[in-house]
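Asks: My questions all concern the structure below.
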Amino acid sequence: ISKFGTDESVELHANIEDDQEYFELLRSADILIIPVNFDSETVRYIKYSMPTKVPAYLLSGTPILVYGPNEVAQVKYANSAGWGYVISNRNQAKLMDAICQLATDNNLRKSLSSQAHKTVVKNHDCQKVRTLFQQTLREAEGLFQQVT
C-alpha cells in the first residue's frame, strides 16, 4: 500500500469480503469515483464492459463522479441516465472543480443520489433482470428453432 504514496485524505482498504461492511463503506464515503483511462487501447478493450460495482454504487446513496471518455459503456450509462457527475474529457482542472462541487453542493449531491436510486430500482432489480433474461433466452430459443 505504501507504493501508492497516498496522502492523509486518501484511505486504502484491504479487500472487503463482508457485504454489509462493503455497503457501509460505500455509504460512508463522501464521493465514489468510477475512473476510466482515456487512451485508445483501454477504450477499445473496455468499451462495452460494465463494472459490477456500478449497481452497488448506485444503491449506496453516495454521489458518484465518473471520469472517462464517452465511448465507454459506464460513462455513456452515467450520462444517459443522469446518475453520475460526468467529466468525459481528460482535464485535471475540470476534475478538481467537479470534486469541489460534489463536496460542497448539497442539492447536487441529493439530485445525483436520487437519480442513482431511481436508476438502480428501474434497471438492476434482480427479479426484473432475471425475468427479462429468461424471456430473452426463450425468444432466442424460438428464433433458433425457426431457423433449424
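The values are calculated or read from the model by the stated rules, or taken from the named source; none is laboratory data. Note that the coordinates shown come from a computational prediction; the quantities given were computed from them, not determined experimentally. All Cβ positions, glycine included, derive from the backbone under ideal geometry; neighbour counts span all protein chains shown. Quick note on the areas: whole protein, heavy atoms, side chains included, nothing else; ligands and nucleic acids left out. Shrake-Rupley method; radii C 1.70, N 1.55, O 1.52, S 1.80 Å.
Asks: Over 19 Å from V120 (Cβ atoms), modelled with pLDDT of 95 or more and of a type in the set (G, A, S): does that describe G68?
Replies: Details: over 19 Å from V120 (Cβ atoms): yes; modelled with pLDDT of 95 or more: yes; of a type in the set (G, A, S): yes.
Taking the combined requirement at face value, the residue satisfies it.
Asks: Right, next: Would you kindly identify the strands (runs of 3 or more DSSP E) lying entirely within segment 1-92 that contain at least 2 residues that are open to solvent by 70 Å² or more (accessible area, probe 1.4 Å)?
Replies: Values: elements: 32-35, 64-67, 85-87.
Hits in segment 1-92: 32-35.
Asks: Six or more apart or on different chains, Cβ under 7 Å: which pairs go from a residue in segment 16-37 that's more than 18 Å from Q101 (Cα to Cα) to one that's assigned to a strand (DSSP E or B) and open to solvent by less than 70 Å² (accessible area, probe 1.4 Å)? Could you list them?
Replies: Listed by first residue and then by second, the contacts come to L26/L32; V36/Y67.
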